[in-house]
């Protein structure tokens, strides 16, 4: 069973407040990662919101995070060319391990110059977890009829400065479609998601990776660590 009652050792809830999980032979923690909200967010954001398909060139930011790492692997399972952005050598190596064709270390230099080099022909799809300069770089490299799925803008969550987009005007000439979305928009389609993600996990096309923090008392530090890039894959707290 899963619920949204928050961080706790136990919860007593009415039946309508919990969801029965399917029998897929997966580990319980997989339903917090690739079989949970992060994986479903990646799945529906990429395949429905962005309408990504097999011959697309995809750029995904925060590619070493829970959602981004799922996006990389789903895109490769669908045959796309994948460019992932992550911060630092270890995280970039992890994104390569997941199967990304090209990886950008955003800490090593300006993101636009790096994306221009990684995608000389431009991009068809951008899966945005970051906002800020990543999103502006994506605007600059969009091809005709590109699609942008707005999942998160973590670069601006704790900033008082407005985000400015120098290259957003390209959306007009390139006829770009950009759409925000939330996991809750797709709860009715979870059976389809479980079918596909369960099969990918079973055959190893998608792999799980977690950063585990011990103890419920350390939950605040784990949560704040998400905004500082402290996790590779899904951040979990073992209670």
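The values are calculated or read from the model by the stated rules, or taken from the named source; none is laboratory data. Not measured: the values here are computed from a predicted model. Quick reminder, even Gly has a Cβ in these numbers, built from the backbone with ideal geometry, and neighbours come from all protein chains shown.
Tabulated values for the structure
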{"quantity": "Filter pass, residue 25 being more than 17 Å from the chain's Cα centre (by Cα), free of Cβ contacts under 8 Å to residues at least 12 places away in the same chain and within 24 Å of residue 212 (Cα to Cα)", "calculated": "no"}
{"quantity": "Verdict on residue 147 being at negative phi, surrounded by 14 or more Cβ atoms within 10 Å (Cβ to Cβ), modelled with pLDDT of 85 or more and assigned to a strand (DSSP E or B)", "calculated": "yes"}
{"quantity": "Residue check for residue 138: more than 26 Å from residue 2 (Cα to Cα), surrounded by 15 or more Cβ atoms within 10 Å (Cβ to Cβ) and touching a strand residue (DSSP E or B) at 6+ places or on another chain (Cβ under 9 Å)", "calculated": "yes"}
{"quantity": "Residue identified as surrounded by 15 or more Cβ atoms within 10 Å (Cβ to Cβ) and in contact (Cβ under 8 Å) with a residue 40 or more places away in the chain among 229, 189, 225", "calculated": "229"}
{"quantity": "Among residues of region 202-216, those that are surrounded by fewer than 13 Cβ atoms within 10 Å (Cβ to Cβ) and farther than 15 Å from residue 234 by Cα, counted", "calculated": "4"}
{"quantity": "Matching residues in region 209-221 - criterion: being modelled with pLDDT of 85 or more and either within 19 Å of residue 34 (Cβ to Cβ) or part of a strand (DSSP E or B) (or both)", "calculated": "209, 211, 212, 213, 214"}
{"quantity": "Residue ID - surrounded by the fewest Cβ atoms within 10 Å (Cβ to Cβ), chosen from residues in region 171-186 that are assigned to a helix (DSSP H, G or I) and touching a helix residue (DSSP H, G or I) at 6+ places or on another chain (Cβ under 8 Å)", "calculated": "185"}
{"quantity": "All positions within region 46-56 that are assigned to a helix (DSSP H, G or I) and in contact with a helix residue (DSSP H, G or I) (Cβ under 8 Å, 6 or more places away or on another chain)", "calculated": "46, 47, 48"}
{"quantity": "Breaking point among (1) surrounded by 13 or more Cβ atoms within 10 Å (Cβ to Cβ); (2) farther than 15 Å from residue 37 by Cα; (3) free of Cβ contacts under 8 Å to residues at least 12 places away in the same chain, for residue 161", "calculated": "(1)"}
{"quantity": "Residue check for residue 121: closer than 23 Å to residue 208 by Cα and either surrounded by 20 or more Cβ atoms within 10 Å (Cβ to Cβ) or over 16 Å from the mean Cα position of the chain (by Cα) (or both)", "calculated": "no"}
{"quantity": "Residue 199 vs. criteria buried (at least 20 other Cβ atoms within 10 Å of the Cβ) and either within 19 Å of residue 75 (Cα to Cα) or touching a residue at least 60 places away in the same chain (Cβ under 8 Å) (or both)", "calculated": "no"}
{"quantity": "Residue within region 35-49 that is touching a residue at least 60 places away in the same chain (Cβ under 8 Å), in contact with a strand residue (DSSP E or B) (Cβ under 9 Å, 6 or more places away or on another chain) and over 24 Å from residue 185 (Cα atoms) present", "calculated": "no"}
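For every residue, the table says whether it meets (1) closer than 18 Å to residue 232 by Cβ; (2) at pLDDT below 95.
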position	(1), (2)
6	no, yes
10	no, yes
29	yes, yes
51	no, no
68	yes, no
75	no, no
89	yes, no
